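The values are calculated or read from the model by the stated rules, or taken from the named source; none is laboratory data. Note that the coordinates shown come from a computational prediction; the quantities given were computed from them, not determined experimentally. Cβ atoms come from the backbone with ideal geometry, glycine included; neighbour counts cover every protein chain shown. Ligands, DNA and RNA are excluded from the accessible area calculation, which covers all protein heavy atoms including side chains. Shrake-Rupley method; radii C 1.70, N 1.55, O 1.52, S 1.80 Å.
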Amino acid sequence: QVQLVESGGGLVQTGGSLRLSCAASGRLFSINAMGWYRQAPGKQRELVAIVTSGGTTNYADSVKGRFSISRDNAKNTVYLQMNSLKPEDTAVYYCNADVQISIFHTGLPYWGQGTRVTVSS
């Protein structure tokens with residue numbers, strides 16, 4: 001089985017920074033795209049940022065210029081550097097990875113359990 005574990009969330013004031021990490025472990029042959037989603041209170045889950053295995057990135061318009069996604073393939077880890085945080089960034093952030101568990105399997109999405117980010121005004 002595959003497990004994704006997030007860390008780095010917490011409470012920060014407006015304008016502050018946080019760095020989220022997500023490490024994948026278990027039976028995995030390869031990881032394709034990795035990304036971060038978030039779900040704010042009373043809202044639906046939304047895509048924040050993704051990074052492909054080749055390093056191509058994509059961001060939601062609301063976080064462009066403030067957030068930066070990166071990955072360390074040797075550690076099967078994806079990061080989200082969040083700067084200039086705003087109260088509207090408050091949400092539970094979820095790690096997602098498209099994982100191929102063996103050469104005989106098609107890639108499937110796996111999710112972490114989430115890490116909470118709270119930005120105070």
Starting from the Kirkwood radius over alpha-carbon pairs of the range 1-46, derive D by Stokes-Einstein at 4 °C in a medium of 1.567 mPa s and give it in µm² s⁻¹. 98
Just the ratio, please: alpha-carbon radius of gyration of the chain over 2.2 N^0.38 Å, N its number of residues. 1.04
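Averaged per residue, what accessible area in Å² does the range 75-121 show with a 1.4 Å probe, protein chains only?
Working: 2420 Å² over 47 residues.
I get 52 Å² per residue for this part.
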With the full set of protein chains in place, find how many percent of the accessible area of the chain is carbon and sulfur; take the probe as 1.4 Å. 48
Using Cα pairs under 8 angstrom and six or more residues apart, how large is the relative contact order of the range 1-84, in percent? 31
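Can you sort GLU88, GLU46 by 1.4 Å-probe accessible area, starting with the largest?
Numbers: GLU88 120, GLU46 80 Å².
From most accessible down to least: GLU88, GLU46.
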For the range 66-110 and the range 1-56, compute the distance between their C-alpha centroids and round to whole Å. 3
Cross-link reach list, lysines versus LYS43, counting only Cα pairs under 18 Å and skipping chain neighbours closer than eight places: LYS86
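Report, in debye and to the nearest 20, how large the dipole of the chain comes out about its Cα centre when Lys and Arg carry +1 and Asp and Glu carry -1 on their Cβ.
Values: 11 positive and 7 negative charges, 22 e Å.
Around 100 debye, computed over the chain.
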